[in-house]
Amino acid sequence: MNNLAITYQHIADILSFETPNSQLEKTLSQASFNWETIIKEGSKHFIIPTIYCRLKTKQLIHLLPEDLIAYFEYITSENRKRNDIVLTQVHSISELFNSEHIEHVFLKGSALLALGCFNDIAERMLGDIDILVPPNQLKKAYELLCKDGYYPSKQTLGNDFFEHKHLPRLKTELSPTRIAAVEIHRKLFVTYSTAELEHLSIFKEKKEHNNVFIPSIKHLMMHNVLNFQINDYGALYNSISFRSIYDTIILQQKYKGNKEWYKNKIFKKYFIYSSLFFNDIIIVKHRYTRVLTGFYLFKLSHIKFYKNWNKLLKLISFIPIITNRLCFFMSNSSYRKAVIKDRKRIFAHFTSILSNN
């Protein structure tokens with residue numbers, strides 16, 4: 001492998017629980033080892049603290065340049081402080097919802113923090129606090145947070161005409177105990193459906209950990225995979241997310257149940273691409289495995305082609321969206337007026353989408 005594929009393998013070896021320390025130490029000791037690309041890709045994947053914590057656990061920090069150690073330590077320390085505050089915020093919201101008998105579960109990163117999945121709370125970077133609430137309690141939960149000092153962030157006109165998977169994002173004034181925005185979810189996906197991740201199934205199997213409700217390990221795993229594949233377009237671009245893979249590996253260590261759902265096509269693709277770099281990942285092979293992995297490695301080795309290919313996929317994926325919006329524009333006068341009024345922002349938004357990699 002060469003180019004980005006080599007960088008990906010190095011990152012995977014650092015994060016992996018299966019790569020022998022002796023092998024990794026030999027790799028990191030090479031004079032030609034490129035830490036710059038590790039930092040660049042690690043930042044893109046939100047795993048700089050994860051890289052540092054894993055190297056620390058493997059007792060290989062001494063192999064890093066001193067200035068890089070200082071950089072990693074600073075980022076990790078700041079993330080640890082942030083996550084401590086976020087976890088306090090999670091407990092505060094949980095207490096508020098429980099007091100008003102609002103059924104809920106925390107999702108994604110906040111759920112993993114609440115579950116205590118990591119040896120060091122700094123390992124996982126996260127943004128918002130995501131919470132799933134039953135449809136009949138959405139309004140109550142939203143208004144309760146608003147009364148508690150949260151307020152909606154500025155929304156685009158799409159929120160007035162189209163259903164999103166979560167209500168308008170809630171923020172709070174700068175506070176030492178509230179630093180994360182909150183998203184109350186009505187559903188986990190807009191364009192995908194599976195009975196396993198419907199409200200009834202999730203709430204039926206939810207778990208309580210230190211007074212915080214979270215989905216079952218199985219549901220956390222499934223949502224972690226599908227959130228990247230569907231919401232982050234991993235399935236569209238046939239790519240990987242190191243943060244998502246690391247979460248999967250951590251959850252996989254805790255899950256001992258049946259893994260029949262691994263055979264689902266969209267899960268297969270996730271595990272096939274992940275297993276290219278990680279021995280920790282269980283793979284379900286099928287006849288197209290070599291074709292898929294071969295093409296992916298080709299893209300990683302030819303970055304210019306990779307970027308142009310993704311631009312093409314992005315354009316293709318937006319054609320049905322634009323078509324539907326045009327039809328709605330023609331048939332709905334309120335939407336038409338709103339689009340005309342907001343035309344400059346919309347034009348700039350679509351231009352940005354089509355020009356970005």
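The values are calculated or read from the model by the stated rules, or taken from the named source; none is laboratory data. Since the model is a prediction, treat every value here as computed from it, not as a measurement. We place every Cβ from the backbone using ideal geometry, glycine too, and count neighbours over all the protein chains shown. For accessibility, only protein heavy atoms count, side chains too; no ligands or nucleic acids. Shrake-Rupley method; radii C 1.70, N 1.55, O 1.52, S 1.80 Å.
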Placing one equal point scatterer on each C-alpha of the chain and summing with Debye, one gets log10 I(q)/I(0) at q = 0.12, 0.15 Å⁻¹ equal to -1.04, -1.50
As straight-line cross-link partners of Lys206, the qualifying aspartates and glutamates (C-alpha separation under 13 Å, not fewer than 8 residues apart within one chain) are Glu103, Glu196, Glu198
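Could you report the chain's accessible area per residue, 1.4 Å probe, as an integer in Å²?
Details: 18580 Å² over 357 residues.
Normalised by residue count, the accessible surface of the chain is 52 Å².
For the chain, what relative contact order do you get, as a whole percent, if you take Cα pairs closer than 8 Å and at least 6 residues apart?
On the way: 405 pairs, mean separation 59.5, N = 357.
Relative contact order of the chain: 17 percent.
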For segment 236-315, the accessible surface attributable to carbon and sulfur atoms (probe 1.4 angstrom, ligands and nucleic acids excluded) amounts in percent to 56
Using alpha carbon positions and the Kirkwood radius, the Rg to Rh ratio of segment 226-330 is 1.05
Once all protein chains are kept in place, Arg243 shows an accessible area at probe 1.4 Å, nearest 10 Å², of 70
Distance in Å, no decimals, from the C-alpha centre of segment 273-340 to the one of segment 191-248 is 20
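Probe radius 1.4 Å, ligands and nucleic acids ignored: give me the carbon and sulfur share of the accessible area of segment 55-194 as a rounded percent. Display every interim value, and only then the final one.
Working: 3500 of 6870 Å².
The C+S portion of the solvent-accessible surface of segment 55-194 is 51 percent.
Given the DSSP H assignment, sum -39500 (n - 2.57) over each helix run of at least 4 residues in the chain and divide by its residue total; what's the result at 222 nm in deg cm²/dmol, nearest 500?
Calculated at 222 nm, the ellipticity per residue is -17500 deg cm²/dmol.
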Looking only at lysines whose Cα falls under 25 Å of Lys207's and that sit 8 or more positions away or on another chain, we get Lys108, Lys139, Lys140, Lys165, Lys187, Lys218, Lys254, Lys256, Lys259
Under Stokes-Einstein, segment 153-302 at 10 °C and 1.306 mPa s, with its Kirkwood radius over C-alpha pairs, diffuses with a coefficient in µm²/s of 90
Rounded to the nearest whole number, the Stokes-Einstein translational diffusion coefficient of segment 1-101 at 37 °C and 0.692 mPa s (Kirkwood radius, C-alpha pairs) in µm²/s is 214
In nanometres, the difference between 0.36 nm per residue of separation and the alpha-carbon distance of Asp67 and Glu198 is 42.4 nm
Probe 1.4 Å, all chains present, heavy atoms only: Trp309 accessible area in Å², nearest 10, is 80
Per-residue accessible area, 1.4 Å probe, largest first, puts Glu100, Glu41 in the order Glu100, Glu41
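Take the Cα radius of gyration of segment 86-189 and divide it by 2.2 N^0.38 Å, with N its residue count; two decimals is plenty. Intermediate values should be presented prior to the final figure.
On the way: Rg = 13.6 Å, N = 104, 2.2 N^0.38 = 12.8 Å.
With N residues counted in segment 86-189, Rg over 2.2 N^0.38 Å equals 1.06.
For segment 79-144, build the convex hull from the C-alpha positions and give me its volume per residue in Å³.
Details: hull volume 5.2 nm³, N = 66.
Dividing the Cα hull volume of segment 79-144 by its residues yields 79 Å³.
Quote the charge dipole size of the chain about the Cα centre in Debye, to the nearest 20; the model charges only the Cβ of Lys and Arg (+1) and of Asp and Glu (-1). Each step should come with its number before you reach the end.
Details: 48 positive and 32 negative charges, 311 e Å.
Here the chain has a charge dipole of around 1500 debye.
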Taking a straight Cα-to-Cα line shorter than 19 Å from Lys341, and setting aside same-chain lysines fewer than 8 residues away, one finds Lys154
Once all protein chains are kept in place, Phe17 shows an accessible area at probe 1.4 Å, nearest 10 Å², of 80
